[in-house]
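Structure first, then comments.
The values are calculated or read from the model by the stated rules, or taken from the named source; none is laboratory data. Source: prediction; values computed, not measured. Cβ coordinates were reconstructed from backbone atoms using ideal geometry, including for glycine residues, and neighbour counts include every protein chain displayed. Note: accessible area is taken over every heavy atom of the protein model, side chains too, but ligands, DNA and RNA are not part of it. Shrake-Rupley method; radii C 1.70, N 1.55, O 1.52, S 1.80 Å.
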Amino acid sequence: MKTVIVTGAGSGVGRATALAFAQAGYAAVLAGRRREALEETARLAGGVSLVAPTDVTSKQSVVALFAAAVEEFGRVDVIFNNAGISAPRQTDWADLSDEYWLAVLNTNVSGIFYCMQEAFRVMKDQKPGGGRIINNGSISAHAPRPNSAPYTATKHAVTGLTKAGSLDGRKYDIAVCQIDIGNAGTEMTEKMKTGM
């Protein structure tokens, strides 16, 4: 049985992706900050899953996530780097706080970097070696929304990480790619309807 790690698996695109992998017969490692939401995803998925509360902004937490996946299932075949945050509301440049800027940067860029780094460590040494890393970018990197500088900047960075990872992963049979979806009907995009 192949194993997939899905970050941000407690809701939205992450939950839908985890359910699709589970339906395809993968063992699903469900990562995210909210245990209750992950447990609900596991219940919906049926099949074989592992709930792994994780903070992707913490390297130690990401290392623990991969260790738990390998201990439970023996390997990691795929990771979908989906965890991310956006503005609680669209914010004018002059009103952006350092705290908000760093929160978006740490989640959307450092979080993906830590997960990719740990995926490289695990995938290059497992037998058989290799795997697939899928990063969730955004159409916002190509067509930004007004007052969304932090989110847009981080999604450009995701593209850079994806391209670098794709090049460097070849020698280990690690394929790295990215999807750039638009507005999927999730809890995150509900805020856009009300301008929050």
Could you tell me, in Å, what Rg and Dmax come out for the Cα atoms of the chain?
16.3, 52
Taking Cα atoms, how many degrees apart are the long axis of helix 149-169 and the longest axis of the chain, rounded to 10 and kept between 0 and 90?
30
At 222 nm, what value in deg cm²/dmol follows for the chain if DSSP H runs of at least 4 each add -39500 (n - 2.57) and the sum is divided by all its residues, to the nearest 500?
-14500 deg cm²/dmol
What is the set of long-range amide H partners of Gln178 at a cut-off below 5 Å, with H atoms built 1.01 Å from backbone N?
Asn135
Descending packing, highest mean Cβ count within 10 Å first, for 24-34, 144-154, 52-62, 171-181 is 24-34, 52-62, 144-154, 171-181
Mean accessible surface per residue for the chain, computed with a 1.4 Å probe while every protein chain stays in place, in Å²:
50
Apportionment of accessible area to carbon and sulfur, the chain, percent (1.4 Å):
54
Per the rule of 0.36 nm per residue minus the C-alpha distance, extending Tyr172 to Asp98 adds in nm 22.8 nm
Using only the Cα atoms of region 72-162, what do you get for the radius of gyration and for Dmax, in Å?
15.5, 52
Rounded to whole Hz and in sequence order, give me ³J(HN,Hα) for region 111-119 from the Karplus expression 6.51 cos²θ - 1.76 cosθ + 1.60, θ = phi - 60°, writing x for Gly and Pro.
x, 5, 4, 4, 5, 5, 4, 6, 4
Rounded to two decimals, what ratio of Rg to Rh does region 1-77 give with C-alpha atoms and a Kirkwood Rh?
0.93
Rounding to the nearest 10 and keeping the result within 0 to 90°, find how far the Cα-based axis of helix 35-45 lies from the longest principal axis of the chain.
60
Could you tell me the center-to-center distance, by alpha carbons, between region 1-44 and region 104-157 in angstrom?
18
Of region 122-146, those with amide N under 19 Å from the point 7 Å along the Cα→Cβ vector of Val63 are 122-126
Which whole-number percent is the relative contact order of region 1-155 (Cα, under 8 Å, 6+ apart)?
23
